[in-house]
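K.L.:
My questions will all concern the structure given below.
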Amino acid sequence: MFSGNYSNALDDKGRVAIPARFRETLAGASDDRLMVTIFEVAGVPCLEAYPARGWQDFLDELQSRSGAFSQNRLLFESAYVGSAQPCQPDKQGRILLPQGLRRYAEMDQDVVFAGVGRKFRIFGAAGYDKVVAAYRSMLRDNPDLFRDLGI
């Protein structure tokens, strides 16, 4: 499982080193290949990365659900699934994030990896700061906000 957050920097070619803890998780699953797609948290664009096997499990689950022709599903599949790109780490543990994905996620040089269980998210550093600020503000305004999560 992926957890924690880690900062790193994109190089001039758009490569970024996957945090060591995340590489360990991938190695433990014998699956270092990633599928990276677009996502958004609290209005902040970011990227979501799945181990290749986890991505396939996700697609299998999606295909097994009813409503194959609902407009919501078609929209989701077209944007989320259709934007996914394979990213293979190099020998130094870096992945090349395609330019279109970097542009979507508004990434400059500094990025933040945030583990969220079976996948992780990659934010531009400024975007991640906005997400954390939104979380803190919401929690201050309503301490019971996340009670339905069972935490």
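Read-outs throughout are calculated quantities, based only on the coordinates presented, and are distinct from any laboratory measurement. Since this is a predicted model, take the numbers as computed values, not measurements. All Cβ positions, even for glycine, are placed from backbone atoms using ideal geometry, and neighbour counts span all protein chains on display.
K.L.:
Once you have the Kirkwood Rh of the chain from its Cα pairs, apply Stokes-Einstein at 20 °C and 1.002 mPa s and quote D in µm²/s.
P.N.:
Numbers: Rh = 16.4 Å.
Result for D is 130 µm²/s.
K.L.:
Could you work out how much longer the chain between D31 and Y80 gets when fully extended? Use 0.36 nm per residue separation minus the Cα distance between them, nm to one decimal. Please list the in-between numbers first.
P.N.:
Details: separation 49, 0.36 × 49 = 17.64 nm, distance 2.16 nm.
This chain segment gains 15.5 nm when fully extended.
K.L.:
Within the set of other residues whose C-beta is less than 14 Å from the C-beta of S64, count the net charge using Lys and Arg as +1 and Asp and Glu as -1. Each step should come with its number before you reach the end.
P.N.:
Numbers: positive: R65, R73; negative: D57, D60, E61, E77.
Neighbour charge sum, excluding S64 itself: -2.
K.L.:
Decide, for the stretch 54-108, between rounded, prolate and oblate: order the square roots of the alpha carbon gyration tensor eigenvalues as a ≥ b ≥ c, take rounded if a/c falls under 1.5, and otherwise choose prolate if a/b is larger than b/c, else oblate. Each step should come with its number before you reach the end.
P.N.:
Values: a/c = 4.58, a/b = 1.74, b/c = 2.64.
Here the stretch 54-108 falls in the oblate category.
K.L.:
A further question on this structure: With a sphere of radius 11 Å drawn around the Cβ of L26, what net charge do the other residues whose Cβ falls strictly inside it have (Lys, Arg +1; Asp, Glu -1)? Walk me through the intermediate numbers first.
P.N.:
Details: positive: R21, R23, R33, R53; negative: E24, D31, D32.
Local charge sum for L26: +1.
K.L.:
Treating cross-link reach as a plain straight distance, find the lysines whose alpha-carbon is under 19 Å from the alpha-carbon of K13, omitting any fewer than eight places away in the same chain.
P.N.:
Within the straight-line limit of under 19 Å, K13 reaches these lysines: K91.
K.L.:
For the ranges 126-132, 144-150, what's the packing order if you count other beta-carbon atoms within 10 Å of each residue, average per peptide, and put the highest first? Write out the running numbers ahead of the final one.
P.N.:
Numbers: 126-132: 17.1, 144-150: 8.3.
Packing proxy ranking, top to bottom: 126-132, 144-150.
K.L.:
Which FRET efficiency value, to the nearest 0.05, is calculated for L59 and Q99 with the Förster distance at 22 angstrom and r the Cβ-Cβ distance? Intermediate values should be presented prior to the final figure.
P.N.:
Numbers: r = 24 Å, r/R0 = 1.11.
Taking R0 as 22 Å, the efficiency between L59 and Q99 is 0.35.
K.L.:
Go ahead and estimate [θ] at 222 nm for the chain from helices alone: -39,500 (n - 2.57) per DSSP H run with n ≥ 4, summed, over the residue count, rounded to 500.
P.N.:
Numbers: 5 runs with 51 residues, N = 151.
Rounded to the nearest 500, it is -10000 deg cm²/dmol.
K.L.:
Same structure again: Which of G28, Y128, F69 sits closest to the plus end of the dipole of the chain, meaning its Cα is farthest towards the positive end, when Lys and Arg get +1 and Asp and Glu get -1 on the C-beta?
P.N.:
Checked the options; the winner is G28.
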